[in-house]
Each structure stands twice: as structure tokens, then as C-alpha cells.
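> Before anything else, here's the structure in question.
Every number here is computed from the coordinates shown, using simple stated rules; none is lab data. Owing to the predicted nature of the structure, the values given are computational and were not obtained by experimental measurement. Every residue, glycine among them, receives a Cβ derived from its backbone with ideal geometry; neighbour counts consider all protein chains shown.
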Amino acid sequence: MNKGIVYLIPCPIGDNNPANVLPADTIKIIHELDHFIVENEKTCRQFIRAADHPKQIRELNFEVLNKHTHPNDIIEFIQPCFEGKSVGIISESGCPGIADPGAFVAKTAHKKGIKVVPLIGPSSILLSLMASGLNGQSFSFVGYVPKDRSDLKKRLNELERISRQFNQTQIFIETPFRNRQLIENLKQYCSSSTQLCIAASINQIDEIIITKPVGEWKVGDLDIHKIPAVFLILAQ
């Protein structure tokens with residue numbers, strides 16, 4: 001018996017209709033799957049329902065993957081693949097495996113000789129880089145920045161140094177309710193000539209993507225408190 005496939009399934013960022021942001025082939029594969037590994041079962045059920053899955057949601061199988069999931073559980077999650085059934089991994093937002101625990105499933109699948117297939121869909125990280133006007137030939141996504149102010153200052157100074165040395169865009173994120181404080185710290189700790197792009201509400205009707213030197217960001221330029229955002233810098 002042939003093994004099933006582990007599909008990495010992007011989902012809409014925000015409240016977009018899946019049909020408006022996902023290719024027909026991606027939605028077709030979603031319709032063919034009965035087994036899903038998800039970061040959040042409630043929102044995943046809403047997404048699959050919005051994607052018009054032909055089966056009743058109660059007929060589908062969901063396994064929750066988060067930072068508390070044990071490696072042995074992941075092996076159980078992909079067990080259907082050994083029975084010839086494919087499994088879909090769905091993140092809370094955007095692309096699984098990018099800044100989310102889906103990478104652990106992909107890693108386990110590779111070890112077990114199971115094919116891993118990424119599907120096409122939105123990624124806030126790549127979309128923000130595309131629109132930023134910053135260097136897309138050399139870039140690094142570094143995840144979350146430190147909460148502690150002293151550690152944050154050191155980290156931002158380090159990212160500026162790397163960016164300046166290699167002409168490399170540095171991309172990072174923050175918990176949305178700390179966005180205001182991060183912007184103020186960026187203005188305080190970064191060089192005034194460093195290019196800063198802030199991309200918020202990506203793919204939404206109220207999308208904001210602005211790039212300008214740190215020295216030109218003023219108090220009250222924008223309010224993205226509690227709004228998911230991506231931050232990019234390129235030191236000059």
C-alpha cells in the first residue's frame with residue numbers, strides 16, 4: 001500500500017473567503033482530506049466549512065498541534081499516512097511550518113519516509129517583504145523579538161549590524177498587544193537612517209504597509225494596537 005501525503009495547507013489571513021485567496025487546486029485537496037492536524041480546532045473548523053468541504057465537519061478528524069504536543073503524539077497524528085490516507089496541516093493563520101509548530105510534523109514525516117507537499121497560499125511574512133521595497137534578495141526571518149527592554153535593545157542593535165554588514169532585510173514579529181511599545185522602542189533604539197517597514201492587517205481591507213526611515217516615524221503615525229503585524233528593517 002502506498003503511503004499517504006502530508007499536505008501543508010495555507011489558510012486565509014483574517015476573515016477572507018478561502019475562494020478569494022487560495023487557488024482552486026489547494027481547495028480541491030482540502031475537499032479530498034478527512035484527517036487534519038491543526039493549531040486551533042475551532043478556527044480550523046470554521047475555515048474548512050468556509051472552504052465548502054463536501055463532508056459534514058463532524059465526519060472529519062482533527063488533531064491539535066501546539067507547543068505542548070509530545071513528539072510521540074505527532075507520530076500518532078500521521079498514522080493515517082501509513083494506511084494510505086493523506087493528512088493536512090493547517091496553521092492558525094497563513095502558512096503552516098512558518099512561525100508555527102507545523103514544522104515538527106513535516107520533520108517527523110520526513111524521518112518516516114512520508115512525502116511532504118506544500119500548497120500555495122498567503123504568507124504574511126513574504127507578502128510584507130514583497131511590498132516593503134526592502135532587499136528581497138537577502139533576508140532573514142528571526143521570529144519574535146525579546147520582551148525585556150534591555151534584551152530588546154541588544155537584539156535590535158544586533159539585527160541592525162547584521163543588516164548593515166550583509167545588506168540583508170531583517171524580519172520579525174511581536175504579540176499584537178505590544179505593537180505600540182515595540183514601535184516606540186524601534187524609534188528609540190535603532191539608527192534614524194535605518195529603513196523600517198510596518199505591515200499590518202495584511203490581505204485585509206484596512207491593510208497598512210508603510211516603509212520609511214526610523215527618523216521619519218513620528219508619534220501617532222499609525223495605531224496598530226492588537227492588530228497582527230510584521231516588522232522589517234534594513235540598516236543603511
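> Given the rule -39500 (n - 2.57) for each run of at least 4 DSSP H residues, summed and divided by the residues of the chain, what is its mean residue ellipticity at 222 nm, to the nearest 500 deg cm²/dmol? Before the final figure, lay out each step's value.
Values: 8 runs with 78 residues, N = 236.
Taking each H run of at least 4 residues, the total per residue is -9500 deg cm²/dmol.
> Could you tell me how far the Cα centroid of segment 1-58 sits from the Cα centroid of segment 77-156, in Å?
Centre-to-centre distance over Cα atoms comes out at 17 Å.
> Whole-Hz Karplus ³J(HN,Hα) for segment 63-73, in order, using 6.51 cos²θ - 1.76 cosθ + 1.60 and θ = phi - 60°, x for Gly and Pro?
10, 8, 10, 8, 5, 8, 5, 7, x, 5, 5
> Of the cross-linked pairs LYS28/LYS107; LYS42/LYS112; LYS3/LYS115; LYS3/LYS55, which ones have a Cα-Cα span greater than 18 Å in the structure shown? Please list the in-between numbers first.
Numbers: LYS28/LYS107 25 Å; LYS42/LYS112 29 Å; LYS3/LYS115 8 Å; LYS3/LYS55 23 Å.
Pairs exceeding the cut-off: LYS28/LYS107; LYS42/LYS112; LYS3/LYS55.
> Just subtract the alpha-carbon distance of SER193 and GLN137 from 0.36 nm times their residue separation and send over the number in nm, one decimal. Working shown, then result.
Details: separation 56, 0.36 × 56 = 20.16 nm, distance 2.05 nm.
Stretched out fully, the SER193 to GLN137 stretch lengthens by 18.1 nm.
> Output the peptides 61-68, 198-205 sorted from most to least packed, where packing is the average of other Cβ atoms within 10 Å over each peptide's residues. Can you show the working numbers first?
On the way: 61-68: 14.2, 198-205: 18.9.
Those peptides, ordered most packed to least, come out 198-205, 61-68.
> I've got another one for you. May I ask you to derive the FRET efficiency for ASN20 and HIS70 from their Cβ-Cβ distance with R0 = 30 Å, giving the value to the nearest 0.05?
On the way: r = 37 Å, r/R0 = 1.23.
E between ASN20 and HIS70, to the nearest 0.05, is 0.20.
> Same structure, new question: Between rounded, prolate and oblate, where does segment 124-234 land on the alpha carbon gyration tensor, with a ≥ b ≥ c its root eigenvalues, rounded for a/c under 1.5, else prolate if a/b exceeds b/c? Mind showing how you got there, number by number?
Details: a/c = 1.43, a/b = 1.11, b/c = 1.29.
Judged from the Cα gyration tensor, segment 124-234 comes out rounded (a/c under 1.5).
> Read phi for every residue in segment 129-137 and hand back ³J(HN,Hα) as whole Hz from Karplus 6.51 cos²θ - 1.76 cosθ + 1.60, θ = phi - 60°, with x for Gly and Pro.
The phi angles translate into 5, 4, 8, 6, x, 8, 5, x, 8 Hz.
> Quick one: work out the % antiparallel among DSSP beta bridges in segment 6-118, nearest 5.
Values: 1 of 16 bridges.
Beta bridges within segment 6-118, antiparallel portion: roughly 5 percent.
> Describe numerically, in nm with one decimal, the distance between label points set 7 Å from Cα along Cα→Cβ at THR43 and at GLU59.
2.8 nm
> Starting from the Cα-Cα distance between LYS226 and MET1, subtract it from 0.36 nm times their residue separation and give me the gain in nm to one decimal.
Taking 0.36 nm per residue and subtracting the Cα distance, the gain is 76.2 nm.
> Another one. When the Karplus curve 6.51 cos²θ - 1.76 cosθ + 1.60 is applied with θ = phi - 60°, which whole-Hz ³J(HN,Hα) does each residue of segment 17-22 get, with x for Gly and Pro?
Those phi angles translate into 5, x, 5, 8, 10, 10 Hz.
> Check ILE37: other-chain or 5+ apart residues with amide H under 5 Å from its amide H, H built from backbone geometry?
Here the answer is GLU63, GLY88, ILE89, ILE90, since their amide H atoms fall under 5 Å of that of ILE37.
> Using only alpha carbon positions, build the gyration tensor of segment 25-92, then give the equivalent ellipsoid semi-axes as the square roots of 5 times its eigenvalues, largest first, whole angstrom. Intermediate values should be presented prior to the final figure.
Working: eigenvalues 77, 44, 18 Å².
Semi-axes from the Cα gyration tensor: 20, 15, 9 Å.
> Collect residues whose amide H, placed 1.01 Å from N in the peptide plane, falls under 5 Å from the amide H of LYS115; neighbours closer than 5 in sequence don't count.
Here the answer is VAL6, since their amide H atoms fall under 5 Å of that of LYS115.
> Same structure again: Identify the residues of segment 186-221 with backbone N under 15 Å of a label point that sits 7 angstrom from the Cα of ARG149 along the Cα-to-Cβ direction, or state none.
So the set is 186-190.
> Within the chain, what percent of beta bridges assigned by DSSP are antiparallel, to the nearest 5? The partial results should precede the final answer.
On the way: 17 of 36 bridges.
Antiparallel bridges: around 45 percent, rounded to the nearest 5.
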